[in-house]
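What follows is one structure encoded as structure tokens, with my remarks underneath.
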Amino acid sequence: MCGRFVLITDLKNIQKDFDIQDMSYEYQPSWNITPAQSVPIIIRHNGNNQLVSYRWGLIPSWSKEPSIANKLINARAETVDK
């Protein structure tokens, strides 16, 4: 997983390009999105595209603490069995 990413697209362009009907989440563009931040996600619900907020990161099903996502930022497939 990459450490950080950028999302600077204008909200109106996202709404138009993805035909979003429901804007439940209004994001602020960012040059520095890190794991554990809330990010806009497009989901399809009841036949409509919606922009909602999800927490970004890898949280294994066995984890009791969501904070483990910060430690898994550089998880690699080639060392998963070690």
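Values in this text are rule-based calculations from the coordinates and carry no lab data. All of these numbers come straight from a predicted model, not from anything done at the bench. As a convention, Cβ positions derive from the backbone with ideal geometry for all residues, glycine included, and neighbour counts pool all protein chains shown.
Calculated mean residue ellipticity at 222 nm for the chain: -2000 deg cm²/dmol, from DSSP H runs with n ≥ 4 weighted as -39500 (n - 2.57), summed, divided by the residue count and rounded to 500. Dipole check for the chain: with +1 at the C-beta of Lys and Arg, -1 at the C-beta of Asp and Glu, and the Cα centre as origin, the magnitude is about 260 Debye.
Restricting to the chain, compute how many DSSP beta bridges are antiparallel as a %, nearest 5.
Details: 10 of 13 bridges.
Of all bridge pairs located within the chain, approximately 75 percent are antiparallel.
Please give the FRET efficiency for Asn48 paired with Thr79, using the beta carbon to beta carbon distance and R0 = 30 Å, rounded to the nearest 0.05. Computed FRET efficiency for Asn48 and Thr79: 0.15.
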